[in-house]
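First comes the structure, then the notes that go with it.
The values are calculated or read from the model by the stated rules, or taken from the named source; none is laboratory data. Everything numeric here is computed off the predicted structure, so don't read it as measured data. Methodologically, a virtual Cβ is constructed for each residue, glycine included, from the backbone with ideal geometry; neighbour enumeration extends over all protein chains shown. Just the protein is used for accessible areas: all its heavy atoms, side chains included, with ligands, DNA and RNA removed. Shrake-Rupley method; radii C 1.70, N 1.55, O 1.52, S 1.80 Å.
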Amino acid sequence: MFLQSQYTKLIILALFLLSFASCGEKKTKIACVGDYITSGSDSINVLSESYPAILAELLGNDFEVMNFGVADAKINKECTKAYHKSNNYRNIQIYNPDIIILMLGSNDAIPTQWDRYASRLKKDYEELLTTFQALPSSPGIYICTPICSFQNNLGIDDYTVSQNLSTMIR
């Protein structure tokens, strides 16, 4: 049931994005930014099973969908796996997309991270958004709140994700 509702949301997003399709030859460039959920690290075949790959298939040839996900990435700029420090953070600026879909923050809900850095996450998140907004393409930015956290071995706390983190992102 959960997976079905996620695919329904992806189809709705795809239909919405199709309204941006151009009649010319220039493809609309979409950058999917996030952590392991975006990168597809847990997928058997990242090229066909990650959500950016599925989105590209749904949207068709008028769109170029690129996966800028980084496994274990965090919003928190102070940690070693900060998205700001990744090659993909620099690459997305070079790519200069028309649309950015941002789903980042689940890994910041690990208790040791949250307890130590929660107070600075909003500032780091806003800085990330400001960088993307300043790109020459002036991209449309679609912010997704992190998905529910089921049992996991990282200790990601679902209450922190669904209440604290999602509220901060909204």
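Results, tabulated for the structure shown:
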item	result
Pairs with Cβ under 8 Å, 6+ apart, first in the stretch 131-159 and over 19 Å from Ser39 (Cα atoms), second at pLDDT below 95 and among the aromatic types (Phe, Trp, Tyr)	Gly140/Phe20; Asp157/Trp114; Asp158/Phe150
All positions within the stretch 62-116 that are within 23 Å of Ser48 (Cα to Cα), free of Cβ contacts under 8 Å to residues at least 60 places away in the same chain and not in a loop (DSSP other than H, G, I, E, B)	Phe63, Glu64, Val65, Met66, Asn67, Phe68, Gly69, Asn87, Asn88, Tyr89, Asn91
Residue in the stretch 105-125 that is least open to solvent (accessible area, probe 1.4 Å), counting only those that are in contact with a helix residue (DSSP H, G or I) (Cβ under 6 Å, 6 or more places away or on another chain) and within 17 Å of Ile141 (Cβ to Cβ)	Gly105
Residues located in the stretch 34-53, provided they are surrounded by fewer than 22 Cβ atoms within 10 Å (Cβ to Cβ), outside any loop (DSSP other than H, G, I, E, B) and either charged (D, E, K, R) or at pLDDT 90 or above (or both)	Glu49, Ala53
One residue from Ile94, Ile100, Ile110 being under 11 Å from the mean Cα position of the chain (by Cα) and on the phi < 0 side of the Ramachandran plot	Ile100
Verdict on Asn76 being open to solvent by less than 20 Å² (accessible area, probe 1.4 Å) and at pLDDT below 95	yes
Residue that is surrounded by the most Cβ atoms within 10 Å (Cβ to Cβ) [pool: residues in the stretch 126-139 that are under 12 Å from Ile75 (Cα atoms) and among the aliphatic types (A, V, I, L, M)]	Leu128
Hey, Leu15 at pLDDT below 70, touching a helix residue (DSSP H, G or I) at 6+ places or on another chain (Cβ under 9 Å) and loosely packed, with under 14 Cβ neighbours inside 10 Å or not	yes
Qualifying residue in the stretch 115-125 (condition: under 15 Å from Ala31 (Cα atoms) and over 14 Å from the mean Cα position of the chain (by Cα))	no
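Here is a yes/no grid of residues against (1) open to solvent by 20 Å² or more (accessible area, probe 1.4 Å); (2) modelled with pLDDT under 90; (3) among the acidic types (Asp, Glu):
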| position | (1), (2), (3) |
| --- | --- |
| Gly60 | yes, no, no |
| Met66 | yes, no, no |
| Gly69 | no, no, no |
| Asp72 | yes, yes, yes |
| Thr80 | yes, yes, no |
| Ser86 | no, no, no |
| Tyr95 | yes, no, no |
| Leu102 | no, no, no |
